[in-house]
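Read through the structure below, which is laid out as structure tokens, and then see the notes.
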Amino acid sequence: MSDVILSMRGIVKQYRMGDELQTVLRGIDLDVSEGEFVAVLGPSGSGKSTLMNIIGCLDTPTKGSYILHGRDMSALDEDELSKVRSREIGFIFQSFQLLPRQDAMQNVELPLIYSGVPARERTKRARQMLERVSLHDKLHHYPNQLSGGQQQRVAIARALANNPTILLADEPTGALDQATGHQVMNLFHDLNEEGRTIIMITHDIGIARHAKRIVRILDGNLTEGVAEDA
């Protein structure tokens, strides 16, 4: 059995809204093993974005424990969490979040700059990642010269650049048409077959079914399902 690389126990997230205490996550338990492809499926307002932010170390839980690669995230300060975000987690967003004045190579190199990778190695790795997502002929194209699907593939290459423990994808096909969305999901499938661990947040059951395992979130509660019968 593969090693568990992410373990959450009793994760609660609360926000104070004036005099009211709003509970968004209600005691989430979740384990993800190395090499899994997990979809977190839920409607708007279900708590899935909050859960994603905690998984990605962009937010911290009110209660509960979060262990990533054997380290307790609650014990880390902001500088240490920033290092975890840059080295352990590759983020893929619905809106791509590419820098418009940087070409594909420069966009992919960005997290490597933050990680202090030398220039020659950055260039080599960025080229390799873009070739991996079949954009070898678009290395010096700017985002406005690329289709939506190509922009998302640049974003995936950027997420892969630091060889992260987890690819964390937030509605990765939300800005794409159906055919292009399926092409991106096929790329995710290939990456997972290579051993990449992927956690994908989505409201779309059709997209969720591309994962090997589905967990459903509703009103801050998590329940298990499998891709075949979800």
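Out of the residues in region 125-139 that are in a loop (DSSP other than H, G, I, E, B) and not hydroxyl-bearing (Ser, Thr, Tyr), which is nearest to residue 191 (Cα to Cα)? Give the derivation first.
Restricting attention to region 125-139, the residues satisfying the condition of being in a loop (DSSP other than H, G, I, E, B) are 133-139.
Those still in the list that are not hydroxyl-bearing (Ser, Thr, Tyr) too: 133, 135-139.
On the way: 133: 10, 135: 15, 136: 17, 137: 20, 138: 20, 139: 20 Å.
So the residue we want is 133.
Look at region 37-88 and say how many of its residues are of a type in the set (A, V, I, L, M, F, W, C) and open to solvent by 60 Å² or more (accessible area, probe 1.4 Å).
Here is the first cut: in region 37-88, the residues of a type in the set (A, V, I, L, M, F, W, C) are 37-41, 51-52, 54-55, 57-58, 67-68, 73, 75-76, 81, 84.
With open to solvent by 60 Å² or more (accessible area, probe 1.4 Å) added as a condition, the list becomes 58, 75.
Residues meeting the conditions: 2.
Among the residues of region 38-54 satisfying the criterion of being in contact (Cβ under 8 Å) with a residue 24 or more places away in the chain and small (Gly, Ala, Ser), which is nearest to residue 216 (Cα to Cα)?
Step by step, filter region 38-54, then rank; the result is 42.
So is residue 122 part of a helix (DSSP H, G or I), open to solvent by 30 Å² or more (accessible area, probe 1.4 Å) and touching a residue at least 24 places away in the same chain (Cβ under 8 Å) or not? It would help to see each step written out before you state the result.
On the way: part of a helix (DSSP H, G or I): yes; open to solvent by 30 Å² or more (accessible area, probe 1.4 Å): yes; touching a residue at least 24 places away in the same chain (Cβ under 8 Å): no.
No, not satisfied.
Kindly establish whether residue 22 is farther than 19 Å from residue 88 by Cβ, open to solvent by 80 Å² or more (accessible area, probe 1.4 Å) and outside any loop (DSSP other than H, G, I, E, B).
On the way: farther than 19 Å from residue 88 by Cβ: yes; open to solvent by 80 Å² or more (accessible area, probe 1.4 Å): yes; outside any loop (DSSP other than H, G, I, E, B): yes.
Yes.
Does region 93-119 hold any residues that are among the hydrophobic types (A, V, I, L, M, F, W, C), open to solvent by 50 Å² or more (accessible area, probe 1.4 Å) and assigned to a helix (DSSP H, G or I), and which are they? I'd like the intermediate steps shown before the answer.
Of all residues in region 93-119, those among the hydrophobic types (A, V, I, L, M, F, W, C) come to 93, 96, 98-99, 104-105, 108, 110, 112-113, 117, 119.
Subset that is open to solvent by 50 Å² or more (accessible area, probe 1.4 Å): 99, 113, 119.
Answer for region 93-119, where residues must be among the hydrophobic types (A, V, I, L, M, F, W, C), open to solvent by 50 Å² or more (accessible area, probe 1.4 Å) and assigned to a helix (DSSP H, G or I): 113, 119.
Output the residues belonging to region 134-153 that are of a type outside the set (Lys, Arg) and within 17 Å of residue 94 (Cα to Cα).
Within region 134-153, 143, 144, 146, 147, 148, 149, 150, 151, 152 meet the criteria.
Determine if region 166-176 includes at least one residue that is closer than 21 Å to residue 31 by Cα, open to solvent by less than 30 Å² (accessible area, probe 1.4 Å), touching a His at 6+ places or on another chain (Cβ under 8 Å) and not basic (Lys, Arg). Steps first, answer last, please.
Within region 166-176, the subset closer than 21 Å to residue 31 by Cα is 166-171.
Within this subset, residues satisfying the condition of being open to solvent by less than 30 Å² (accessible area, probe 1.4 Å) are 166-169, 171.
Checking which are touching a His at 6+ places or on another chain (Cβ under 8 Å) leaves us with 171.
This time we only want the ones that are not basic (Lys, Arg), so: 171.
Yes, the conditions are met somewhere in region 166-176.
One line per residue, one yes/no per condition, for (1) without any contact (Cβ under 8 Å) to a residue 24 or more places away in the chain; (2) out of contact with any Lys or Arg (no Cβ under 7 Å at 6 or more places or on another chain):
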site	(1), (2)
3	no, yes
8	no, yes
11	no, yes
19	yes, yes
24	no, no
56	no, no
65	no, no
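The values are calculated or read from the model by the stated rules, or taken from the named source; none is laboratory data. Here the structure is a predicted model, which means the values were calculated and not measured. With ideal geometry, Cβ positions are generated from the backbone for all residues, glycine too; neighbour counts draw on all protein chains shown. Ligands, DNA and RNA are excluded from the accessible area calculation, which covers all protein heavy atoms including side chains. Shrake-Rupley method; radii C 1.70, N 1.55, O 1.52, S 1.80 Å.
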